[in-house]
Structure formats: structure tokens, C-alpha cells
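Read the figures in this text as sums done on the coordinates, not as results from a lab. Source: prediction; values computed, not measured. Note: ideal-geometry Cβ built from the backbone for every residue, glycine included; neighbour counts use all protein chains shown.
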Amino acid sequence: MSDPGDRKQQSAQEEELARMVRDGVRPEGVKERLKLTRDKLVGNAPLGVDAPNKTMRKVLGAGGEYLGAFKYGFSGAMLILLGALFAWAGMAASSFQWKMVAGGVAAVALGVWLMKLSARAWRNARVISKA
């Protein structure tokens, strides 16, 4: 069950994201431009928030988020599937294969983390599209 504080923080982040897309970001100097570039690379700001009009900001931002959702979702699903198969094969072998089971469990854990990133990207794309 989610904490109401987490829901408020998530709502505040979504509102900040929608504000950035609606109003745009206009960095003044080189230092602010570099900070915006770093934020875009890290994922704190969507692509295209410095575009000249709202339509371009929405198209670039939502497109980048949809691409991230597909990329992380597909990779996560494949890792979960293959990790489960590796764990099963390691346990079903004639002698228990620790390395194969550990690799499978690690792949499943990485796949779950990627699916969480995919869900966040999908949520961000919806917020950008509604802005």
C-alpha cells in the first residue's frame, strides 16, 4: 500500500513536470544551459523543455518518454523471462547449479527495476501529453 506522503510527492513532481512543459525553460547563461543539459541527460527534465513552442515541447518530451517506456519495458520483460528460465534450469539440473540460479535471480531483480523505470516513463508521458 502506498504512503499518502509518497502520493503527494509524486503529485508535486507531476505538477512540476507539467509546468515545465507548459511554460518552457529558458536558461539565461552558459551555466544554466549546462545545468539544463545535465538534467536532461540524468532524466530530471524531459527532452525538449527548451523548445520554442508548447507543441514542440509536448512532442519531444512525450516522444522521449514513450521511447524510454518501450526500451525499459521490453528489456525488463526479457530479463524477467530469461532470469526465471535460468533460475528454473539451475534448480532442475541433475546437480544444483548455484551460479545459474544466482544469475537468474539477479536478472529477475534487474528486470523488475527496469519495469519500474518503464512505469515511471509511461506516467511521465501521460503527464506531458495532458499538459
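A compact table of results
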| quantity | calculated |
| --- | --- |
| Positive-end residue of Met78, Ala18, Gly111, charge dipole of the chain with Cβ unit charges | Ala18 |
| Helix runs (DSSP H) in the chain reaching 27 Å along axis by Cα, Kyte-Doolittle at least 0.5 | 54-92, 98-130 |
| Likely footprinting exposure, Trp88, Trp122, fewest C-beta neighbours within 10 Å first | Trp88, Trp122 |
| For Tyr72, Tyr66, order by how many other beta-carbon atoms lie within 10 Å, fewest first | Tyr66, Tyr72 |
| Above-threshold pairs, the threshold being 23 Å between Cα atoms, out of Lys8/Lys35; Lys71/Lys116; Lys54/Lys116; Lys35/Lys130 | Lys8/Lys35; Lys54/Lys116; Lys35/Lys130 |
| Label point distance in nm, Arg19-Met91, each placed 7 Å from Cα along Cα→Cβ | 4.9 |
| Calculated FRET efficiency for the pair Lys116/Lys54, C-beta based, R₀ 30 Å, to 0.05 | 0.50 |
| Cβ-defined net charge surrounding Arg19, 15 Å radius [Lys, Arg +1; Asp, Glu -1] | 0 |
| Residue-span extension gain [Ala106 to Leu34] - 0.36 nm each, minus C-alpha spacing | 22.3 nm |
| Anisotropy class of the chain from Cα gyration tensor, a/c 1.5 cut | prolate |
